[in-house]
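Undergrad: Here it is, the structure, as structure tokens.
Please treat every number below as a calculation from the coordinates, not as lab data. None of the values given here were measured: they were computed from a predicted structure. Note that we place each Cβ from the backbone using ideal geometry, even for glycine, and neighbour counts take in every protein chain shown.
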Amino acid sequence: MTPVASAAPGTRSGEGSAQALGHLLRPGVDVSHGPILYLEGVTVSFDGFRALNDLSLTLDDGELRCIIGPNGAGKTTMMDVITGRTRPDAGRVFFGQTIDLTRLSESRIAQAGIGRKFQRPTVFETMTVFENMELALAGDKRGWASLRSRLSSEQLGRIESVLALVRLRGEVDRIAGTLSHGQKQWLEIGMLLSQEPRVVLLDEPVAGMTDAETEKTAELCLELEKRHTVVVVEHDMEFVSRIARTVTVLCEGSVLAEGSMDAVRGDPRVVEVYLGR
């Protein structure tokens with residue numbers, strides 16, 4: 001069995017290195033006078049179509065935010081702007097007080113502490129769960145050279161903590177391709193968490209999951225809250241109701257409504273454009 005460090009004495013499994021997953025290890029993001037992430041007046045157009053239309057959105061450090069809305073509302077484009085895949089035509093996007101995300105490449109944004117999980121899991125299916133985690137930790141991935149390097153005790157501890165958190169501690173030697181769809185989703189989330197992001201963007205994390213997997217994913221999202229700022233884009237309203245603190249509803253590239261799940265459920269505009277369908 002692949003060696004994984006044991007938890008520190010007197011702690012639960014995975015808890016010994018739990019702080020290594022927390023945002024305290026990324027002190028370079030200044031949130032002393034405001035939110036950790038904000039978009040102000042962001043507009044993005046594609047061939048005359050406004051995917052985002054003067055979008056403004058604020059996220060506090062350590063909060064869990066759910067983003068909902070009909071297809072074409074701008075949810076994916078919003079995440080593309082945050083992660084540098086798409087440059088806005090107008091507006092500002094800041095990570096903390098000083099990091100202008102519109103000036104950074106995708107890789108620099110990831111290094112700064114913003115991680116994104118896409119809807120479809122993209123794990124390395126011929127490799128074990130442990131090897132996937134090891135690769136996520138590695139700095140030099142050329143020619144898989146990183147897989148031949150020895151892991152430090154700190155890195156082993158980080159892998160153990162993450163695998164315990166994402167419910168895969170017992171699957172460390174399992175070939176990733178044999179995992180269930182839900183387990184592959186958890187593995188990809190684990191690979192993302194191993195890089196210690198301050199902000200975690202999850203795109204439809206429960207799509208295709210069983211009811212049991214969906215429930216475990218809800219528990220996972222709630223555990224990530226406070227350790228990270230978590231943004232969940234999802235269409236499953238039962239899942240959103242389970243985890244939601246604040247819900248932002250996008251429509252036609254702008255914020256239509258924002259508040260508690262009960263508040264947005266009762267908003268006649270939201271019912272008309274989304275929930276009533």
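Undergrad: Within segment 145-210, report the trypsin sites (Lys or Arg not before Pro) that DSSP leaves as loop and that have at most 13 other Cβ atoms within 10 Å.
TA: R150
Undergrad: Considering only C-alpha atoms, what is the centroid distance from segment 202-223 to segment 57-104, in Å?
TA: 22
Undergrad: Please list, by residue number, every one of the trypsin sites (Lys or Arg not before Pro) in segment 215-248 that is coil in DSSP and has at most 15 other beta-carbon atoms within 10 Å.
TA: Listed in order of number, the matching sites are K226, R245.
Undergrad: Another question, if that's okay. Would you list H228, H33, H181 from fewest to most Cβ contacts within 10 Å?
TA: Listed from fewest to most nearby Cβ atoms, that is H33, H181, H228.
Undergrad: If I compute Kirkwood radius over Cα pairs in Å from the structure I just sent, which labelled value in (i) 18.9; (ii) 20.1; (iii) 19.5 lines up?
TA: Computing Kirkwood radius over Cα pairs in Å and matching it to (i) 18.9; (ii) 20.1; (iii) 19.5 gives (iii).
Undergrad: Another question about this same structure. Which GluC sites (Glu not before Pro) in segment 168-262 pass both tests, a DSSP loop state and at most 13 other beta-carbon atoms within 10 Å?
TA: none
Undergrad: Now, a different point. In nanometres, what is the gap between the two model label sites at L222 and T178, each 7 Å from Cα along Cα-to-Cβ?
TA: For L222 paired with T178, the spin-label model returns 3.3 nm.
Undergrad: In terms of Cα to Cα distance under 13 Å, which aspartates and glutamates are near enough to K184, apart from those fewer than 8 places away along the same chain?
TA: E125, E171, E213
Undergrad: Kindly provide the helix-only [θ] at 222 nm of the chain, computed as the sum of -39,500 (n - 2.57) over DSSP H runs of four or more divided by all residues, to the nearest 500 deg cm²/dmol?
TA: -8000 deg cm²/dmol, from helical runs alone.
Undergrad: So if R0 is 22 Å, what FRET efficiency would R108 and T58 give, r being the distance between their Cβ atoms, rounded to the nearest 0.05?
TA: Efficiency, from the Cβ-Cβ distance: 0.45.
Undergrad: Related question: R245's amide H: which non-local residues (gap 5+, or another chain) put their own amide H closer than 5 Å, with H modeled 1.01 Å from N in plane and none for Pro or chain starts?
TA: Answer set, sorted by chain and number: C66.
Undergrad: Another one. Pull up all non-local amide H partners of R116: gap of 5 or more, or a different chain, and H-to-H distance under 5 Å with H placed in the peptide plane.
TA: It is L201, by chain and number.
Undergrad: Quick one: plug the Kirkwood hydrodynamic radius of segment 151-252 (C-alpha pairs) into Stokes-Einstein at 37 °C, 0.692 mPa s, and report D in µm²/s.
TA: Roughly 227 µm²/s, to the nearest whole number.
Undergrad: Let me ask something else about it. Got a sec to turn the phi values of segment 55-65 into Karplus ³J(HN,Hα) couplings, 6.51 cos²θ - 1.76 cosθ + 1.60 with θ = phi - 60°, whole Hz, x for Gly and Pro?
TA: 6, 10, 8, 10, 10, 8, 5, x, 8, 10, 10
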